[in-house]
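Novice: If you scroll down you'll find the structure; I have some questions about it.
Each reported figure results from applying straightforward, stated rules to the coordinates on display, with no laboratory input. Small disclaimer: the values here were computed from a predicted structure and weren't measured. Quick reminder, even Gly has a Cβ in these numbers, built from the backbone with ideal geometry, and neighbours come from all protein chains shown.
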Amino acid sequence: MTASDASPIRVHAPGRVNLIGEHTDYTGGLAFPMAIDRGITLTATTQPDWIQLTSDGGPGTLHLALPFERDPSTIEPSWGSFVASVAKQMRATAGIRGHLTSDIPAGAGLSSSAALECAIGLALGFDGATLELAQMARNAEHTATGVPTGIMDQYCISAATTGHATLIDCHHLTAEQVPIPDDIDIVVQFIAHRTLLGSAYADRVAECARAQALLGPLRTANLDDVATIDDDTIRRRARHVVTENERVRQFATALRRADYPELGRLMTESHASLRDDYDTSTDQMDTAVAKLNSTKGVFGARMTGGGFGGCAVAICEPGTLSSGWPVRASAGAHLVS
């Protein structure tokens with residue numbers, strides 16, 4: 001291939017905010033995220049044998065010979081580990097040269113890594129179904145970080161449609177698009193930087209596995225089942241997952257009928273469960289969420305994402321909040337014509 005043979009590529013992948021359904025995906029539960037009008041855009045040209053990328057979100061230039069078969073976590077610059085992991089998953093032999101731009105702050109809990117994985121997959125020629133893209137990108141995340149995340153982020157980012165949130169059944173791997181009404185604002189506020197690597201995220205996954213060893217799948221368990229667990233920590237983790245799955249069901253019903261006070265009640269309960277039963281909130285996050293929930297015109301607010309920092313999300317009357325990012329429901333990852 002010569003320089004004149006290079007083909008231009010432009011790919012966009014959105015970030016996501018999770019409206020409700022936190023820490024349920026890795027137990028096969030229900031989640032209700034929404035792709036947002038912030039994301040990652042890759043502008044590139046094709047080239048043989050190499051990936052060469054720069055990014056406005058991180059230092060350095062990534063030089064990656066293909067096919068890539070090494071440990072992606074050893075790649076520098078560090079953001080390149082996600083790119084390398086996708087290339088390894090895809091067994092890519094045809095490369096790209098280009099630049100990444102992003103308006104998703106890293107460490108905000110808005111799935112910048114999942115957006116990057118989906119964008120790189122499409123740029124390297126992935127042509128499967130949206131679920132297959134999500135599964136490949138999730139595997140790439142695991143390889144790059146070692147963090148045992150669920151599939152919510154990648155599935156939302158791959159499958160989303162404009163104007164809709166995505167109700168995901170993480171056991172049956174189905175995605176239902178639910179319209180977002182025009183007469184509410186969804187606002188994201190950045191609270192504190194966080195990273196799942198080195199956090200207690202993996203501990204929560206292991207604690208849920210212990211609960212499921214006792215009860216069977218948490219997606220089918222009820223509160224009477226949960227009450228039989230002797231260990232207080234494991235019981236609280238299981239209680240969060242069981243009650244959060246039910247909140248997702250109720251939230252979807254309330255959204256379809258535009259019952260905004262009910263949406264707010266469920267968001268408030270979700271945050272309390274993450275704080276008290278799942279121990280993934282922080283004092284700073286609790287203070288920010290309480291302030292949002294006490295603001296006139298806010299129906300409800302909660303932490304969003306894996307926890308230990310990140311962002312809060314609020315649903316409110318239009319124009320209520322002057323701080324934060326009003327976000328709109330976006331299309332999923334796609335090649336830009």
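Novice: Multiply the residue separation of S294 and R91 by 0.36 nm, subtract the distance between their alpha-carbon atoms, and state the gained length in nm to one decimal.
Specialist: In short, 68.0 nm is gained.
Novice: Further question on the same structure: Choose one answer from A35, A192, A165: the residue with the largest mean-square fluctuation in a GNM of the chain with alpha-carbon springs under 10 Å.
Specialist: Maximum among the listed residues: A192.
Novice: In nm, give the distance between the simple-model label positions of T61 and T253, each being 7 Å from the Cα along the Cα-to-Cβ direction.
Specialist: Label-label distance for T61 and T253, simple model: 5.8 nm.
Novice: Hey, with R₀ at 25 Å, roughly what FRET efficiency would W50 and D127 work out to, going by the Cβ-Cβ distance, to 0.05?
Specialist: That pair, W50 with D127, gives E of 0.70.
Novice: What's the ranking of 170-180, 126-136, 301-311 by average number of surrounding C-beta atoms within 10 Å, highest first?
Specialist: 301-311, 126-136, 170-180
Novice: Now, a different point. What is the chain by shape, rounded, prolate or oblate, if you read a ≥ b ≥ c off the alpha carbon gyration tensor as root eigenvalues and call it rounded for a/c under 1.5, prolate for a/b larger than b/c, and oblate otherwise?
Specialist: Prolate is the answer for the chain, as a/c is 1.5 or above and a/b outweighs b/c.
Novice: Please rank Y260, Y155, fewest neighbouring Cβ atoms within 10 Å first, as an exposure proxy.
Specialist: Placing the least packed residue first, the sequence is Y260, Y155.
Novice: Here is a follow-up. Want the number for D224 to H172: 0.36 nm per residue separation, take away the alpha-carbon distance, what's left?
Specialist: Result for the pair: 16.3 nm of gain on full extension.
Novice: Could you tell me which trypsin sites (Lys or Arg not before Pro) in region 1-70 are loop residues by DSSP with no more than 12 other beta carbons within 10 angstrom of their beta carbon?
Specialist: R70
Novice: In debye to the nearest 20, how big a dipole does region 185-327 give about its Cα centre with +1 on each Lys and Arg Cβ and -1 on each Asp and Glu Cβ?
Specialist: Its charge dipole is roughly 380 debye.
Novice: By its C-alpha gyration tensor, with a ≥ b ≥ c as the square roots of the eigenvalues, how is region 185-327 shaped: rounded for a/c under 1.5, else prolate for a/b larger than b/c, else oblate?
Specialist: It comes out oblate by the Cα gyration axes.
Novice: Which of A252, N293, P326 sits farthest toward the positive end of the charge dipole of region 251-337, with +1 on the Cβ of Lys and Arg and -1 on the Cβ of Asp and Glu?
Specialist: P326
Novice: Report the extension gain between E69 and A202 in nm, rounded to one decimal, defined as 0.36 nm multiplied by the number of residues separating them, less their alpha carbon distance.
Specialist: 45.3 nm
Novice: Okay, next question. So how far apart, in nm, are the two label points at A213 and A6 if each is 7 Å from Cα heading toward Cβ?
Specialist: Simple spin-label model gives 5.3 nm for this pair.
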